[in-house]
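Here's the structure we're looking at; comments come further down.
The values are calculated or read from the model by the stated rules, or taken from the named source; none is laboratory data. Everything numeric in this text was worked out from a predicted model, so none of it was measured. Here the Cβ is made from the backbone with ideal geometry for all residues, glycine too, and neighbour counts use every protein chain on show. Remember, those area values only see protein heavy atoms, side chains included, never the ligands or the DNA or RNA. Shrake-Rupley method; radii C 1.70, N 1.55, O 1.52, S 1.80 Å.
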Number of protein chains: 2
Amino acid sequence: MRNFSFYNPTRIHFGEGQIDKLAREIPAGSRVLVTHGGGSIFQNGVWQQVEQALAGYTLTRFAGIEANPQFDTLVKAVELGRREGCDFILAVGGGSVIDGSKFIAAALCHAGDPLDLLTGTRAKAALPLGCVLTLAATGSESNPHGVVTHVARQEKLPFSSPLLYPRFAILDPRTTFSLPARQIGNGVVDAFVHTLEQYLTYPADAPLQDRQAEGLLITLIEEGPKALANPEDYAVRANLMWCATQALNGLLGCGVPQDWATHMIGHELTALYHLDHAQTLAVVLPAMLAERREPKRAKLIQYAERVWGIEGDEEAKIDGAIAATRDFFQALGVPTRLADHGLDAEAIPQVLAQLERHGMTALSERRDLDLDASERILLRAL
Amino acid sequence: MRNFSFYNPTRIHFGEGQIDKLAREIPAGSRVLVTHGGGSIFQNGVWQQVEQALAGYTLTRFAGIEANPQFDTLVKAVELGRREGCDFILAVGGGSVIDGSKFIAAALCHAGDPLDLLTGTRAKAALPLGCVLTLAATGSESNPHGVVTHVARQEKLPFSSPLLYPRFAILDPRTTFSLPARQIGNGVVDAFVHTLEQYLTYPADAPLQDRQAEGLLITLIEEGPKALANPEDYAVRANLMWCATQALNGLLGCGVPQDWATHMIGHELTALYHLDHAQTLAVVLPAMLAERREPKRAKLIQYAERVWGIEGDEEAKIDGAIAATRDFFQALGVPTRLADHGLDAEAIPQVLAQLERHGMTALSERRDLDLDASERILLRAL
């Protein structure tokens, strides 16, 4: 096992009715900037629960944080928060709203150009942030990371700071009942790929972390399809919500190599061609596993045996595991080919140019995945 | 899944050489009360590493916190800390030193009789506490709980407060190389039973938590015997250390029923007859599983299948799992019978009287384990 440090101070309140705990978690007298996406929180009753729990607080609402939250949108929220003297941020939504709200929390404490915070300047302070999660996917509700899209630059810009751990996250599975099937499928794929990127590398004498990851993967395989079949099955939604949080709260990656190449290539596909984040992962990951068959051989076999229960010789196990992964994503309604998104080989050079521009020329757990390899992966994904 | 809240702010630094991080974690200028057990930290070099990392700090050393730390001993540490104006506690040792240091941290901020803190008064403040762990077992390094023994009252008194989460815990597996085999065996049993007490109850629609627990159990089964066979195998010690922390950091118990009856009965055996803590668990647990065969039936079968890989009919699986658990403990050098500790049926009435005196008359995940059932368990453990 490698040396590591682990720290995660987010307080989780999980279950039905937990939105009631908001007033316990936000200091009395706070001026709260409540951030959200579109109108779904009015339709599904979440806003009403939040407003009722925070009666007596000064609430300023900022609507319109989009999927892949945009810098220009978030700057407007920063201006609103500053004008209203807000001193606490409450994100109500999924990973995009929470990622965007992390940026807002840091930008409200930053004197210079907010873009600094996405281009190398680490936040020195941030307003306290809490979340009411309404979509199980990214794990942003209990980690210190975010990604913001800069449309004019066609870039997804990641940022991170220990100051940006949410103080608390409220996870009520009922808030996810009304989600469209596309978002459920995307969420399961996102959590699954987060887990694989911390697991499917090479053996590192870390049997507990391996089994924690395998347990997560198997649970997602079992529960994901049920969530699509029975959208109001509370137990299923609860299990998916807890899986998604656990998939990216830092625990799985403790002491093991990690490979975020699928995310890095996927980010460029979203920035250029506007695929959903999870759609990019479902396209890139099976191709990545095929391309990286040799460096990932030992773990691919373990993945085949323990997660998919595949028997046979080594090659059959690896082939079977990659095919099963692709089939799983497709059964969740998430396509796994660039062609499914209307993209062909002509789309690839621009992705490679972006990867080069962003310094993504030595990806993977071994830092040996160069642009040629990325090209082969994209060709396999056509 | 049941509703739950989860919070664990302890920062973990894991691996070789991490003791160097002490100066980063303890505020400069602190007056540090360093607590430890016997002389082992001088022999294995841990004290020298601590002293070197904290050059420039004012250190006051308190030696002699025993296994099952005693109230009378800890009160002396409180007096020393008060006299020296200490404002930070650094526990260097295993679960007993850390548990005792939690009590010291709270008592140094308590104006009245320190015994209050063990008899119903919750701590209102506590000095900050950090740990250098030297024995993988209890999980105390990243949880808010402790147990202190009051010799005159023949009682083990548990206490808990969110104020008592260690600020940080340094886990260097090398510090455990020199431990005697008895402490290694005890540590594995302790972590194993902590896991089982959060797992072996009844199904609760929590498949991820089940698999996290099963992953831990299987890893302990694989690694425990290796640690005895090859005391200086770093990877094995690292895996055991991480398992023990994960077994009682609060995560496994999220959203599921729990059954701490084995611990409660075990505590009385230690208080009355001075068995090691883990020795009591190894004696009580197999008897508990046999006695609770029906209420635990579904999970016993799952445990047999997934953890021990036992095939056959239901009864054979349950019998096999209980026998395998007993054999595992014995192979670790931890006996599983009261007779192995020189105790016979005459020892039982006093245990039952203590349980009654402490209100332990409705134990288990179903609150239906009464004194008669405890008696049957102890008879099965003879």
statement: Taking every C-alpha to C-alpha distance in the stretch B:204-269 and binning by 5 Å from 0, the per-bin percentages run 3, 15, 20, 19, 18, 15, 8, 2, 0
Separation of the A:Leu379 and B:Thr121 label points, Cα + 7 Å toward Cβ, nm: 7.6 nm
field: Within-10-Å neighbourhood charge of B:Ala278 [Cβ basis; K, R +1; D, E -1]
entry: -1
- request: Calculate the mean, over all residues of peptide A:13-25, of how many other protein chain Cβ atoms lie within 10 angstrom of the residue's Cβ.
  value: 2
query: Hull surface divided by four, with the convex hull built on the Cα atoms of the stretch B:117-203: how many nm²?
result: 8.0 nm²
task: For the stretch B:124-168 and the stretch A:100-127, write down the distance between their C-alpha centroids in whole Å.
output: 38 Å
- line: homo-copy label distances at A:Leu371 (7 angstrom along Cα-Cβ), nm, one dp, ascending, are 8.1
Rounded to 5, the percent of DSSP beta bridges in chain A classed as antiparallel: 25 percent
- prompt: What is the distance in Å between the Cα centres of the stretch A:273-308 and the stretch A:220-240?
  reply: 23 Å
- prompt: Expressed as a whole percentage, what fraction of the accessible surface of chain B belongs to carbon and sulfur atoms when a 1.4 Å probe is rolled over the protein heavy atoms?
  reply: 49 percent
task: Give the relative contact order (percent, whole number) for chain B; include only Cα pairs under 8 Å separated by 6+ residues.
output: 16 percent
Rg/Rh for the stretch A:1-71, where both radii come from Cα atoms and Rh is the Kirkwood radius: 1.08
message: Checking a compactness column here: for the stretch A:11-176, what do you get for Rg(Cα) / (2.2 N^0.38 Å), N being the number of residues?
response: 0.94
- request: Ignore the peptide's own chain and count Cβ atoms of other chains within 10 Å of each Cβ in A:197-210; give me the average, rounded.
  value: 3
message: For chain B, set up a GNM with springs between Cα atoms under 10 Å and report which of B:Ala204, B:Ala107, B:Ala271 has the largest fluctuation.
response: B:Ala204
task: Springs between alpha-carbon atoms under 10 Å, Gaussian network over chain B: tell me which of B:Tyr165, B:Tyr202, B:Tyr303 tops the mean-square fluctuations.
output: B:Tyr202
field: Environment charge at A:Lys299 (Cβ cut-off 14 Å; Lys +1, Arg +1, Asp -1, Glu -1)
entry: -1
- request: Measure nothing fancy, just the Cα-based angle from helix B:371-380's long axis to the longest principal axis of chain B, in degrees from 0 to 90, nearest 10.
  value: 80 degrees
task: Report the antiparallel proportion of the DSSP beta bridges in the stretch A:11-176 as a percent, rounded to a multiple of 5.
output: 20 percent
message: Looking only at the protein assembly as shown, where both bridge partners belong to it, what percent of the DSSP beta bridges are antiparallel (to the nearest 5)?
response: 30 percent
task: May I ask for the percentage of alpha-carbon pairs in chain B that lie more than 25 Å from each other?
output: 54 percent
statement: Share of Cα-Cα pairs in the stretch B:181-381 beyond 29 Å, whole percent, is 19 percent
task: Translational diffusion coefficient, Stokes-Einstein: compute it for the stretch A:164-292 using the Kirkwood radius over C-alpha pairs as Rh, at 37 °C and 0.692 mPa s, and state it as an integer in µm² s⁻¹.
output: 212 µm²/s
field: In order through the stretch B:227-233: 3J(HN,Hα) via Karplus (6.51 cos²θ - 1.76 cosθ + 1.60), integer Hz, x for Gly, Pro
entry: 5, 6, 6, 10, x, 10, 7
- line: With Cα coordinates, the longest principal axis of chain B makes an angle with the long axis of helix B:95-107, in degrees rounded to 10, of 60 degrees
- line: Which residues qualify? For A:Phe88, with a placed amide H closer than 5 Å and at least 5 residues away or on another chain, they are A:Arg31, A:Leu33
message: With bins 10 Å wide starting at 0, give me the P(r) of the stretch B:254-365 over every alpha carbon pair, in whole percents.
response: 14, 41, 34, 12, 0
field: Accessible area buried between chains A and B, both sides summed, probe 1.4 Å, in Å² to nearest 100
entry: 3300 Å²
field: Sum of side-chain charges, A:Thr149 neighbourhood, beta-carbon under 15 Å (Lys, Arg +1; Asp, Glu -1)
entry: -2
message: Out of all Cα-Cα pairs in the protein assembly as shown, roughly what percent, to the nearest whole number, are more than 43 Å apart?
response: 30 percent
- request: List the longest stretch of chain A that has no exposed loop site; here a site is one of the GluC sites (Glu not before Pro) assigned by DSSP to anything other than H, G, I, E or B, with at most 16 other Cβ within 10 Å.
  value: A:85-231
query: Pairing the Cα long axis of helix A:277-291 with the longest principal axis of chain A, what angle in degrees results, from 0 to 90 and rounded to the nearest 10?
result: 20 degrees
- request: Per DSSP H run of n ≥ 4, the term is -39500 (n - 2.57); total these for the protein assembly as shown, divide by its residue number, and report the mean residue ellipticity at 222 nm rounded to 500 deg cm²/dmol.
  value: -14000 deg cm²/dmol
- prompt: Can you give the mean number of other chain Cβ atoms that lie within 10 Å of the Cβ atoms in peptide A:165-171?
  reply: 1
field: Leading residue at positive end of dipole, the protein assembly as shown (Cβ point charges), from A:Ile318, B:Gly139, B:Ala227
entry: B:Gly139
Stretchable slack from B:Asp368 to B:Asn230, in nm (0.36 nm times residue separation minus alpha-carbon distance): 45.4 nm
- request: Heavy atoms only, probe 1.4 angstrom, no DNA, RNA or ligands counted: give me B:Thr175, B:Thr361 ranked by accessible area, highest first.
  value: B:Thr361, B:Thr175
